[in-house]
Amino acid sequence: MRARSFFISTLKEAPADADIVSQQLMIRAGMIKKIAAGVYTYMPMGLRSIRKIENIIREEMDRAGAIELLLPMVQPAELWQESGRWEKYGPELLRFKDRHARDFVIQPTSEEVITDFARQEIHSWRQLPVNFYQIQTKFRDERRPRFGVMRGREFSMKDAYSFDRDQEGALKSYDKMYEAYQRIFTRLGLTFRAVAADTGSIGGDRSHEFQVIADTGEDLIAYCPDSDFAANIELAPAFSVIEKRAEPTQAMQKVPTPGREKCEDVVELLGVELTRSMKSVILAADRVNEKGEPLPAQIVMILLRADHDLNEVKAGHLPELKEGFRFATDSEIQTAFGSKPGYLGPVGISEDIVVYADSTAANMSDFICGANEEGFHIMGVNWGRDLPEPKVADLRNVVEGDASPDGKGTIKLQRGIEVGHVFYLGTKYSEALNATFLDENGKPKVLEMGCYGIGVTRLLGAAIEQGHDEQGIIWPESIAPFSTVICPMNYGKSELVRETADKLYEDLKAAGVDVILDDRDMRPGVMFAEWELIGVPHCIVVGERGLKTGEVEYKYRRNVKEKQMVKLENIVSKIVQG
């Protein structure tokens with residue numbers, strides 16, 4: 001490729017509404033152009049990287065035995081109604097009517113359509129196992145699309161779906177996809193972790209996320225440096241940090257704490273450690289009667305040691321909250337506890353309020369909590385003596401220094417960007433859509449399913465968040481829009497430079513190198529800055545001064561300030577060999 005025949009559209013400054021580094025650099029490097037909130041045109045430079053990502057994905061999916069197809073973006077509402085997700089998915093599902101007033105959706109995911117396909121096409125156990133995949137555009141109507149391609153509304157995704165005879169086969173398919181994902185992200189040149197994860201709105205029983213490690217990642221990963229344990233913080237087990245509850249040593253007493261609504265302020269006033277204090281989080285689960293009429297919400301009090309934070313995903317697994325919950329309103333709190341937030345506690349409350357204590361909170365003794373009266377807290381509170389024993393569950397986020405669940409060390413935390421997710425779905429969708437096959441005995445059985453996704457366009461942003469500097473993008477070589485750029489000095493004026501650059505360009509192409517020759521005859525500083533912004537890994541500078549001694553200048557993008565002179569006859573082999 002020659003630069004004059006390609007479309008390069010770079011900017012000196014990013015738009016003011018570009019939130020994060022990857023969004024800023026993708027816009028400046030001419031990879032994307034915003035057309036609406038969360039919707040982008042992928043420019044030629046960006047599309048080249050996307051196609052390289054897709055090629056790696058296709059090669060590894062094909063290697064794993066998956067079969068490519070293409071499912072429609074527009075899906076009939078009947079399938080979503082059949083699965084039950086028409087009502088449950090929420091406002092992110094973009095619904096519309098056609099000219100005949102029939103309901104449709106723009107797919108955010110394709111479990112319904114692929115299950116419908118399977119129930120029509122898979123009839124016998126002899127057709128199993130089978131795994132279908134696609135690379136297709138998705139749309140999710142995010143309330144606040146932001147961070148460029150990291151949380152856009154329209155995006156490209158690889159999704160795959162496996163079908164098996166039984167759970168044993170389904171888990172084998174899951175493992176095969178897990179291994180394929182390991183190969184994909186390794187070939188993409190990214191530093192990543194596979195972590196145990198919550199299944200979310202997709203559903204299912206087994207799940208791993210593939211997280212690209214980056215300081216700017218939205219997700220927090222808990223891992224053990226001394227073992228293979230790694231999990232999204234939403235799923236990481238948090239054990240009690242108090243081995244055994246101590247016997248009471250203090251009498252319970254109410255103390256004035258005027259204006260002290262936060263635990264940190266209360267313990268400062270009382271002159272004790274924060275770990276002596278209990279905090280209350282009040283959740284509400286909306287309810288209806290048999291006629292569908294609203295009932296008062298079920299109020300659930302979650303108790304945590306004051307230095308710990310609620311894990312909302314874990315809370316969502318509690319029986320009272322598994323159908324959905326929200327934080328209680330101030331008026332609901334006032335009605336249930338007779339006090340404003342900031343002074344709440346479990347002593348003397350109504351039996352209608354369900355109380356759960358995190359495992360650490362359940363082992364506390366002589367603790368401090370709110371008195372359910374504005375301006376007052378209670379000291380010296382003890383379970384069993386002063387209030388009933390609570391229901392106990394793991395309800396907090398892990399923190400650094402917690403024991404690893406596998407018993408092989410302690411937890412560390414790091415940030416990551418989710419770029420892939422594998423689920424074992426079981427029969428969640430096949431039962432809902434009656435997707436069955438005939439077994440060896442001619443009896444119908446429900447198909448076992450797995451689901452496997454990779455955010456193709458999201459990977460662009462994740463790679464940049466992981467690799468960039470003050471000059472611009474630092475791509476892994478496997479997905480850079482070009483692997484090598486030739487920058488000739490005075491290309492239009494020097495015949496020697498032009499002939500040398502042209503021959504070098506042809507030699508590199510013949511050697512299979514994805515090379516671009518910048519024949520635009522730009523000023524050197526501008527040219528170098530542009531290619532450093534775009535992030536091409538290898539840069540060869542051809543100038544008359546170096547050619548006098550038979551040399552060209554070579555720069556590697558990750559060490560852009562380091563330059564070396566290389567003999568002209570050796571430069572091709574240096575690029576090819578890496």
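The values are calculated or read from the model by the stated rules, or taken from the named source; none is laboratory data. Since the structure is predicted, the reported quantities are computational estimates derived from the model, not experimental observations. Here Cβ is always computed from backbone atoms with ideal geometry, including for glycine, and neighbour counts include all displayed protein chains.
Number of residues in segment 536-564 that are assigned to a helix (DSSP H, G or I) and touching a Cys at 6+ places or on another chain (Cβ under 9 Å): the value is 1. Just to be sure, is residue 65 surrounded by fewer than 17 Cβ atoms within 10 Å (Cβ to Cβ) and at pLDDT below 95? So residue 65 fails the test. At least 1 residues being in contact with a Gly (Cβ under 6 Å, 6 or more places away or on another chain) and crowded, with 16+ Cβ neighbours inside 10 Å is the threshold, and among the strands (runs of 3 or more DSSP E) wholly inside segment 416-525 those reaching it are 448-455. For segment 210-260, a residue qualifies if it is within 21 Å of residue 193 (Cβ to Cβ), in contact with a Gly (Cβ under 7 Å, 6 or more places away or on another chain) and surrounded by 13 or more Cβ atoms within 10 Å (Cβ to Cβ), and the qualifying residues are 210, 211, 212, 213, 214, 217, 219, 221, 224, 227. Of all residues assigned to segment 331-345, none qualifies as being farther than 25 Å from residue 380 by Cβ and basic (Lys, Arg).
Would you please name the residue that is farthest from residue 223 (Cα to Cα), looking only at residues in segment 376-390 that are crowded, with 16+ Cβ neighbours inside 10 Å and of a type outside the set (A, V, I, L, M)? So the residue we want is 376.
Selection of segment 250-283 for residues being touching an Asp or Glu at 6+ places or on another chain (Cβ under 6 Å) and touching a residue at least 40 places away in the same chain (Cβ under 8 Å) yields 250, 252. The set of residues from segment 265-277 being surrounded by 13 or more Cβ atoms within 10 Å (Cβ to Cβ) and either in a helix (DSSP H, G or I) or touching a Pro at 6+ places or on another chain (Cβ under 8 Å) (or both) comprises 265, 266, 267, 269, 270, 274, 275, 276. Out of all the residues in segment 123-139, is one or more under 29 Å from residue 323 (Cα atoms) and assigned by TED's automatic domain parsing to the domain that holds residue 447? Scanning segment 123-139, I find at least one residue that is under 29 Å from residue 323 (Cα atoms) and assigned by TED's automatic domain parsing to the domain that holds residue 447, so the answer is yes. Just a yes or no: is a residue in segment 330-338 surrounded by fewer than 17 Cβ atoms within 10 Å (Cβ to Cβ), in a loop (DSSP other than H, G, I, E, B) and of a type outside the set (A, V, I, L, M, F, W, C)? Yes, there is a match, as at least one residue in segment 330-338 is surrounded by fewer than 17 Cβ atoms within 10 Å (Cβ to Cβ), in a loop (DSSP other than H, G, I, E, B) and of a type outside the set (A, V, I, L, M, F, W, C). Within segment 226-264, being part of a loop (DSSP other than H, G, I, E, B) and either at positive phi or touching a Phe, Trp or Tyr at 6+ places or on another chain (Cβ under 8 Å) (or both) holds for 229, 245, 257, 259, 261. Filtering segment 126-150 to residues that are part of a strand (DSSP E or B) and either aromatic (Phe, Trp, Tyr) or out of contact with any Phe, Trp or Tyr (no Cβ under 6 Å at 6 or more places or on another chain) (or both) leaves 131, 132, 133, 134, 135, 136, 137, 139, 146.
If you filter segment 151-168 down to residues that are outside any strand (DSSP E or B) and either crowded, with 17+ Cβ neighbours inside 10 Å or aromatic (Phe, Trp, Tyr) (or both), you find that the one that is modelled with the highest pLDDT is 165. For residue 413, state whether it is on the phi < 0 side of the Ramachandran plot, in a strand (DSSP E or B) and surrounded by fewer than 17 Cβ atoms within 10 Å (Cβ to Cβ). Considered against the rule, which asks whether it is on the phi < 0 side of the Ramachandran plot, in a strand (DSSP E or B) and surrounded by fewer than 17 Cβ atoms within 10 Å (Cβ to Cβ), residue 413 comes out as yes. Of all residue pairs spaced 6 or more apart or on separate chains, those with beta-carbon atoms under 7 Å, a first member in segment 167-194 that is farther than 20 Å from residue 418 by Cα and a second member that is surrounded by 15 or more Cβ atoms within 10 Å (Cβ to Cβ) and of a type in the set (D, E, K, R) are 167/448; 169/448; 170/164; 170/448; 173/164.
Counting only strands (runs of 3 or more DSSP E) that sit wholly inside segment 361-407, those with at least 2 residues that are farther than 19 Å from residue 315 by Cα and at pLDDT 95 or above are 367-370, 376-381.
Take the residues in segment 289-330 that are modelled with pLDDT of 95 or more and polar (S, T, N, Q); name whichever of them is nearest to residue 368 (Cα to Cα). The residue in question is 311. Residue 299 satisfies every condition listed in (1) touching a Lys or Arg at 6+ places or on another chain (Cβ under 7 Å); (2) in the same structural domain as residue 264 (by TED's automatic domain parsing) except (1).
Pairs linking a residue in segment 118-138 that is touching a residue at least 12 places away in the same chain (Cβ under 8 Å) to a residue that is surrounded by fewer than 13 Cβ atoms within 10 Å (Cβ to Cβ) and among the acidic types (Asp, Glu), with Cβ atoms under 9 Å and 6 or more positions apart or on different chains, are 125/440; 127/121.
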